[in-house]
Each structure stands twice: as structure tokens, then as C-alpha cells.
Amino acid sequence: KKTTSQAEDIINVFRYIYSNFDKVSNLPQRAGYIKENLCGFLLYSCTMRASTFISGKNYVSSQTIGNGLNINLQLMKPLYKNNTAISSIIKHALRLYSDILYLPTATNKYIQAMTLIDYLGNPFEYQKMQKNKAQIAPFSADSFSQYNKICERFKYLTSKKDENGKEIGLRTNIIHNGKTIESLITEGYKIDLILRELQLYICNFNIFQSK
């Protein structure tokens with residue numbers, strides 16, 4: 001289990017860079033077995049023309065198929081050579097991000113994406129979304145007016161009432177009113193756009209900015 005966990009932490013960087021919330025055709029599988037109960041995967045450096053196989057014995061249930069994805073090794077070194085509070089926060093954020101990619105429905109992905117935004121806003125304790133969006137929005141805004149638009153947009157993504165007092169906020173309707181995003185938004189492409197929008201906020205915040 002320890003080997004699988006360590007392998008997953010590294011593969012999470014691949015998932016963060018290459019995979020999208022709405023389209024997962026290039027999503028790497030979970031860390032799995034290569035031969036009998038050997039768990040591992042291959043890293044290859046195009047620059048050095050060298051490879052290394054990271055492995056360990058572990059019982060798993062599925063096989064990993066590589067996609068030939070490139071990785072910036074300099075980006076990964078601070079995460080896996082230093083055991084610091086910041087690296088632990090980044091690793092957990094990457095785990096949450098990767099979990100989103102494997103969820104079966106858009107509703108599940110939406111809820112988990114909002115959970116990740118909450119975590120990025122404050123990794124140490126619960127914080128209201130009003131404060132979280134104020135910390136996340138600046139990284140996706142080029143001006144103060146655009147910042148205000150994103151903050152207003154977050155009201156619809158979380159909790160908002162229309163002129164008749166009806167709740168139209170997506171997260172409130174999903175979590176507290178038992179609805180699905182598929183029932184709230186009938187057009188599939190609009191759901192994909194919303195998932196991409198949340199991914200944009202998360203990635204623009206840049207999980208690696210504090211490394």
C-alpha cells in the first residue's frame with residue numbers, strides 16, 4: 001500500500017498537467033501491476049535518454065497502461081525530495097484533483113471541485129466561500145471589473161436566489177436540495193463548460209505557486 005501511495009502521488013502530477021475534468025481520454029490508470037504482484041511505472045528522460053523503473057511488490061486490482069506523457073522533473077523535485085508542510089498541502093491538493101477525474105458523474109465532479117476550491121482557499125481550517133472566492137478569483141482576473149464578475153459568477157456556482165426568492169445556486173441545490181447538475185442544466189455541453197470553468201479557477205490559482 002505504501003508503494004502504491006507513493007506511486008500515486010507522482011502520477012497525480014501527470015494527471016494535473018494533462019487531464020481535464022470533462023474529457024479524460026488521456027487519463028492514466030491508477031497505479032497497478034506489471035507482472036504478477038509487481039507495482040510500478042516507467043519514467044523516461046528525453047534529454048538524458050535514460051529511464052528508470054519505480055516499482056515495489058504490492059497487491060493491486062488493475063493494470064496501468066502508459067500514455068507516453070512528458071513531465072517536468074524540476075517541477076516534481078520540490079514535492080518529493082522535501083517533506084515539508086507546503087509539499088504536504090500540494091500533494092493533498094493533487095490527490096483531490098485526481099479524485100475528480102475518476103468520479104463517474106458530472107455532479108460528483110462538481111461537488112469535489114468545489115471541495116478542492118475550499119481547500120485551496122484555506123488548507124488549514126474551514127472558511128466561508130465568500131473568503132475563498134476572494135482568494136481564488138484574482139488569479140483568473142486581469143482587471144478589477146473582471147474580478148467582480150468572477151465573484152458574482154461564484155454566487156451562481158454556489159448559492160444565489162433569483163428575483164422571486166428561488167434558489168438557483170448550483171452547489172446549494174445539489175448538496176441541500178438533492179438535485180443533480182444534470183437536472184439543473186439539461187445541455188450536456190454547458191455542464192462540460194462549467195467543469196472546465198472550475199478547472200480554470202483551480203489551475204490558474206496554481207497549486208505549485210507556493211513550492
Positions within the stretch 142-201 being under 27 Å from residue 23 (Cβ atoms), free of Cβ contacts under 8 Å to residues at least 12 places away in the same chain and touching a Lys or Arg at 6+ places or on another chain (Cβ under 6 Å), in sequence order: 173
Filtered residue count, the stretch 126-141, keeping only those that are outside any helix (DSSP H, G or I) and closer than 18 Å to residue 111 by Cα: 3
Set 30, 15, 49: member being modelled with pLDDT of 75 or more and surrounded by 15 or more Cβ atoms within 10 Å (Cβ to Cβ): 15
Failed criterion for residue 199 (all others in (1) of a type in the set (S, T, N, Q); (2) exposed (fewer than 15 other Cβ atoms within 10 Å of the Cβ); (3) under 20 Å from the mean Cα position of the chain (by Cα) hold): (2)
Near pairs, Cβ below 6 angstrom, 6+ apart or cross-chain, from the stretch 108-136 (surrounded by 14 or more Cβ atoms within 10 Å (Cβ to Cβ)) to any residue that is assigned to a loop (DSSP other than H, G, I, E, B) and β-branched (Val, Ile, Thr): 129/158
Filter pass, residue 190 being basic (Lys, Arg) and loosely packed, with under 13 Cβ neighbours inside 10 Å: yes
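The values are calculated or read from the model by the stated rules, or taken from the named source; none is laboratory data. This is a predicted model, so every value here is computed, not measured. Note: ideal-geometry Cβ built from the backbone for every residue, glycine included; neighbour counts use all protein chains shown.
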